[in-house]
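A short write-up of the structure that comes next.
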Amino acid sequence: MKNWTPISAGNALQAFGLLLAIISGIWAIRPLGYGIWYQSEPVSIALHGCAAICALGLLISNSFDKNRVHFHFFAVIPILIAGLSLLMIPFVSHTGGTILGSPELGQGVLWFIEFSIFFLVAQHLFSSSNLEKNLLVGACLFITAGLTILTMLSSAQIVHFIPYFFPDYLAFLSVFTGAMAFSIWRGKFIILTIVTIICGVTIVVSANKGAFGLTFIVIPAAYFFFKILKSNQLKRKLKITFAIALPLAVMIFINGIGGLLLVEPPTENDSELDSAIYSFWATANSRYNLTTTALKSVQNPPSAMLSGQGWGSFGDQLAINLPINKFEVRDDIEIEDQLNSASNWDAVWRVDFHSHSYITEALVSLGIPGLIFITLMWGAPAIWPAEGRSLVAAISSGVGAGIAALWFQLPLSLPFFAIAWAALIRRDGPTILSIEWLNKTHIKSLFFVSMSIMFTAVTIYNANFTKNAYRFQPAMIEEQALSKDEITCLTYFNDFGRGGIHLAHRLRTFTKVIVAKSNEETEISDVLVQRLRGLTCASEAYANTNPSFRLLSATVLAKSDLAFSNYPPKLDAFINNYLSNWRLRVDQVLAMAPGRTDLTAMYLLWEVKNERYESVSSLTTQILGQNPNDPIGLWFSGIAMIGDPDKVQAGLDNMRLALEKGVERFIPIEPEVKASLLY
């Protein structure tokens, strides 16, 4: 080709990588999606690969035209967040989680570096030609419109292949696409009218209540407010204040409603108004519970306020700090009996992997320093708007952050986020962020080649790991003693320091299959027994190292389920071996989460069933030492006491107090037993 040069080749590679990132959501659709969390992990893997391609394109362009690839000042901020996260690794539990993020969201060190790379590519392409500008923004608009149509068709039961079962994520695509379109296509009335219609319909289809209010109420109000202001200097200050303060105001409002105004839920019935009120209450109350529970994780230890607990740790921290005395945790109660109750919270059943707020997520993950940097990252368009774009930049920044304060971003929206910010932020920046040595040719080349190699390696590793983790069920023929410190297994599970989250999922799903077959008296093949043995061996070996709380709790729950199942005689040897270290795992759970005594109930019941009362007394003494009013500790200590003639009355008193403290939230009590204690 006549005009084909290394520079144009580099630009083409960048555009190709970024376009692939824009359509990465296709990997969330079955049958393309794979892995345990098939709607998110394949998308994150695709984005790693796209970042490798983009970095290679930047390297080529930088090598042949040093003045064209500018290491933009804003790109420093996400890299600083990534660097700060790496510095905090000695203070967090799971290195792999910090780097890769949770498998459900993928927000970690690599996420922030990818954001910077996509941002640099978008800024570079925006400065190259109108064709590349229009191509990028048009592609984002096309994908946003396409996903909106797919969601509508899915709701009408016409199609069944969409990236996500819930449409709320579309709100981010709408705001980011609208922001870049109004910046790049400024003044083109007809085109922007079409964009406005598409983005407005997308917000409606998303059914995201927060986005609906912010888009259709806050945006018009902010637009007219800033238009009537006369002082440009005042406008600038208020625009920055708007962008920074709006998400905080949203957080305060929704948490205030959830925590202060509506202690008990309204009654849900057939009335649309009552249903809407109930839906709003449920949302506000859930956000309040998520926030208050998460804040406990940065209070203990106090140093976590500065270091955080690491990216990808929110699910663990929620489970560790769950206030079990406030919510129902039993799974044998009919769901209809739990609805319309302040004690019902669906996060208890799911162990939520997200905080529903970038503010809470940042604080839990990286402490106050991380929250400051991420607030700066969200507010950057309002602080440093491109020429003539200050209004759209401030509104996009504030509304985007406002939605992110109420909802979590899925990996799919990352490239949209980066492109929108590239369209809104000016090219020249403040001196403190314009680090000259970063724009030296050899420094940029070293960074780009390093990132291209790293993301290529990460893509290959993660693609293989995700596939293997989904299928992990190694068969073991011989029993291995699990009570030893070192456990010999046929195959071990290595996730490079992510805490065994994938293994926890495999353990729970596989043991549930065995329990279901046992209770239904369906034959359990020798192959299934061997796979169960291999899977439990690997999980026990991991639990002896540095397990996440999710893996520990999954281990305890698996033992509980199997112990009380109607398992066949062929599982006797396995069950006896598997339960031999049950107390050890319970002690690990309590060491990590002293308040999660609900996870000890089945072990204590098992010990009572087998008349091992010394073991019951030992554990309940430990529990009551932490909390003298713990209902689990009181109930089972009472059972142990009534076996001693000298302690019968004290035991009965403990059991009555346990009933008063709500022990039935954790275990069912026979009506006859309850009646004999109370009357």
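The values are calculated or read from the model by the stated rules, or taken from the named source; none is laboratory data. This one's a predicted model, so the numbers in the text were calculated from it and none came from an experiment. So basically every Cβ, Gly included, is an ideal-geometry build from the backbone, and we count neighbours across all protein chains shown. Surface areas here come from the heavy atoms of the whole protein model, side chains and all, with no ligands, DNA or RNA. Shrake-Rupley method; radii C 1.70, N 1.55, O 1.52, S 1.80 Å.
Output the direction-averaged projected area (hull surface divided by four) of the convex hull of the alpha-carbon atoms of the chain, in nm².
Here the figure is 34.6 nm², rounded to one decimal.
With the calculation restricted to Cα positions, what are the radius of gyration and Dmax of segment 494-539 in angstrom?
Rg and Dmax of segment 494-539, Cα atoms, are 12.1, 39 Å.
Is it possible to state the helix-based mean residue ellipticity at 222 nm for the chain, with each DSSP H run of 4+ residues giving -39500 (n - 2.57), the sum divided by total residues, to the nearest 500 deg cm²/dmol? What is it?
Here the helix-only value at 222 nm equals -20500 deg cm²/dmol.
What helices does the chain have that are whole DSSP H segments, at least 30 Å long along their own axis by Cα, and with mean Kyte-Doolittle hydropathy of -0.5 or more?
41-64, 130-155, 232-256, 272-295, 441-470
Using +1 on the beta carbon of Lys and Arg, -1 on that of Asp and Glu, and nothing else charged, what's the dipole of the chain about the Cα centre, debye to 20?
3460 debye
Under a 5 Å amide H to amide H cut-off, with H placed in plane at 1.01 Å, what residues pair with residue 313 once short-range neighbours are removed?
Sorted by chain and number, the residues that satisfy this come to none at all.
With N set to the residue count of segment 1-146, report its C-alpha Rg divided by 2.2 N^0.38 Å to two decimal places. Each step should come with its number before you reach the end.
Values: Rg = 16.6 Å, N = 146, 2.2 N^0.38 = 14.6 Å.
Computed over Cα atoms of segment 1-146, the ratio equals 1.14.
Mind ranking 281-293, 563-575, 529-541 by how tightly packed they are, going by the mean number of other C-beta atoms within 10 angstrom, highest first?
529-541, 281-293, 563-575
Can you give the accessible area per residue of the chain, in Å², using a 1.4 Å probe?
Here the per-residue accessible area is 43 Å².
Please report the projected area of segment 565-679's Cα convex hull averaged over all directions, in nm².
Taking the Cα atoms of segment 565-679, their convex hull projects to 7.9 nm² on average.
Evaluate E = 1/(1 + (r/R0)^6) for residue 520 and residue 627, where r is the Cβ-Cβ distance and R0 equals 41 Å; express this FRET efficiency to the nearest 0.05.
Efficiency for this residue pair is about 0.60.
Tell me which residues come under 5 Å, amide H to amide H, from residue 410 once H is placed; ignore anything under 5 positions away on its chain.
Answer set, sorted by chain and number: none.
Assuming 0.36 nm per residue, please report the length gained on full extension of the stretch residue 570 to residue 650 beyond their Cα-Cα distance. Mind dumping the intermediate values first?
Details: separation 80, 0.36 × 80 = 28.80 nm, distance 4.22 nm.
Gain on extension, residue 570 to residue 650, equals 24.6 nm.
Under the Kirkwood approximation applied to all pairs of distinct alpha-carbon atoms, what is the hydrodynamic radius of segment 376-518 in Å?
20.6 Å
Taking 37 °C and 0.692 mPa s as the conditions, I'd like the Stokes-Einstein D for segment 71-219 in µm²/s, using the Kirkwood hydrodynamic radius from alpha carbon pairs.
187 µm²/s
Of all accessible surface on the chain at a 1.4 Å probe, what whole percent is carbon and sulfur?
63 percent
Against the globular-protein guess of 2.2 N^0.38 Å, express the Cα radius of gyration of segment 162-202 as a ratio, rounded to two decimals.
1.27
With Kirkwood's inverse mean 1/r over C-alpha pairs for Rh, give me the Rg to Rh ratio of segment 490-582, two decimals please.
When Rh is taken as the Kirkwood radius, the ratio is 0.96.
Write out the GluC sites (Glu not before Pro) in segment 584-659 meeting two conditions: DSSP loop, and at most 14 other Cβ atoms within 10 Å of their Cβ.
When the GluC sites (Glu not before Pro) of segment 584-659 are filtered for loop state and at most 14 Cβ neighbours within 10 Å, 611 remain.
Using packing as a proxy for protection, rank 634-642, 620-628, 506-514 so that the peptide with the highest average count of other Cβ atoms within 10 Å comes first.
Working: 634-642: 24.0, 620-628: 15.7, 506-514: 19.0.
With the highest mean Cβ count within 10 Å placed first, the list reads 634-642, 506-514, 620-628.
Scan around residue 425 for amide H atoms under 5 Å from its own, H built in the peptide plane at 1.01 Å from N, and keep only partners 5 or more places away or cross-chain.
Residues meeting the criterion, in which the H sits 1.01 Å from N, are 386.
Based on Cα coordinates alone, diagonalise the gyration tensor for segment 17-92, multiply each eigenvalue by 5, take square roots, and list the semi-axes in whole Å, largest first.
Details: eigenvalues 152, 94, 16 Å².
Taking √(5λ) for each Cα gyration eigenvalue gives 28, 22, 9 Å.
Work from the charge dipole of the chain (Cβ charges, +1 for Lys and Arg, -1 for Asp and Glu, about the Cα centre) and give the residue of 589, 115, 501 farthest towards its positive end.
Farthest along the dipole direction, towards plus: 115.
May I ask you to work out the translational diffusion coefficient for segment 439-535 at 10 °C, viscosity 1.306 mPa s, via Stokes-Einstein with Rh from the Kirkwood sum over Cα pairs, reported in whole µm²/s?
D, rounded to a whole number, is 96 µm²/s.
Starting from the Cα of residue 483, move 7 Å in the Cα-to-Cβ direction to define the label point; list residues of segment 561-599 whose amide nitrogen is under 12 Å from there.
Label zone hits: 576-584.
Rounded to the nearest 20 debye, what is the charge dipole size of segment 543-679 about its Cα centre when +1 sits on each Lys and Arg Cβ and -1 on each Asp and Glu Cβ?
440 debye
Based on the mean of other Cβ atoms within 10 Å per residue, sort peptides 237-248, 186-197 so the most packed one is first.
Highest to lowest by the protection proxy: 237-248, 186-197.
If I take every Cα pair under 8 Å that is 6 or more residues apart in segment 363-508, average their sequence separation and divide by the length, what percent do I get for the relative contact order?
Relative contact order here is 16 percent.
Pull up the cross-link candidates among the lysines for residue 188, meaning alpha carbon to alpha carbon under 20 Å and not fewer than 8 places away within one chain.
In chain and number order, the partners are 133, 227.
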